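Some notes on the structure that comes next.
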Amino acid sequence: MVAVRRDNGEKLTIPLEGRTKDDGGNDKMVVRITELLNQIQQDMYLKAEQEMKENVVICRKWSECAPHLAAKRLLLIPFCGRPICEDNIKRDTTLDDGTAEVGASTMGAKSLCVPFEQPTGAEILKSNDQCLHPECGQLAGSFTLFGRSY
């Protein structure tokens, strides 16, 4: 049997060998396919995790948000958590002025999640840090991940 991984194009030959059993009485082909599917899932997860990490930007200045969003980055920003403030962020990051590239998303940024792992070290959220949106003025409760849908 030939299996082709759709995630990387690798072709694997898995011998049928009369559908033999391993020492535990399991069909060797079924065991090998199960291992292969588990490996594909692990590889895809690691690739997606790495890609996400490479595209998350800690943003502490409102003026930096639009360029990072245009570059299809995810923003990790100090955020108060208020729905009205999220609406303002979405409104003010929407590209409706005709400057968006063809095929680019013009939607505003929306909150995706509050990561369990918050920035540490020099990037840590301080007790007097305010929400990033210029109209807010409230203290930020946490860093929140924002992004556009593409």
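No value in this document is a laboratory result; all are computed from the given coordinates. Predicted model, so just to flag it, every value in this text is computed and none were measured. All Cβ positions, glycine included, derive from the backbone under ideal geometry; neighbour counts span all protein chains shown.
For the chain, the alpha carbon convex hull comes to 167 Å³ per residue, rounded to a whole number. Could you check the simple spin-label distance between ASN38 and CYS113, using points 7 Å along Cα→Cβ, in nm with one decimal? Label-label distance for ASN38 and CYS113, simple model: 2.4 nm.
Once the Cβ-Cβ distance of ILE124 and ALA71 is raised to the sixth power relative to R0 = 22 Å, the FRET efficiency obtained is 0.30. Between TYR45 and GLN138, the simple label model (points 7 Å from Cα in the Cβ direction) yields a spacing of 3.5 nm. Only DSSP H runs of four or more residues enter the estimate; each adds -39500 (n - 2.57), and after division by the residues of the chain the mean residue ellipticity at 222 nm equals -10000 deg cm²/dmol.
As a length-normalised measure over Cα pairs under 8 Å and 6 or more apart, the relative contact order of the chain settles at 22 percent. Packing around the peptides 62-68, 138-144, 113-119, taken as the average count of other Cβ atoms within 10 Å per residue, puts them in this order, highest first: 138-144, 62-68, 113-119. When you filter the trypsin sites (Lys or Arg not before Pro) in the stretch 38-89 for DSSP loop state and at most 11 other Cβ atoms inside 10 Å of their Cβ, you are left with LYS61.
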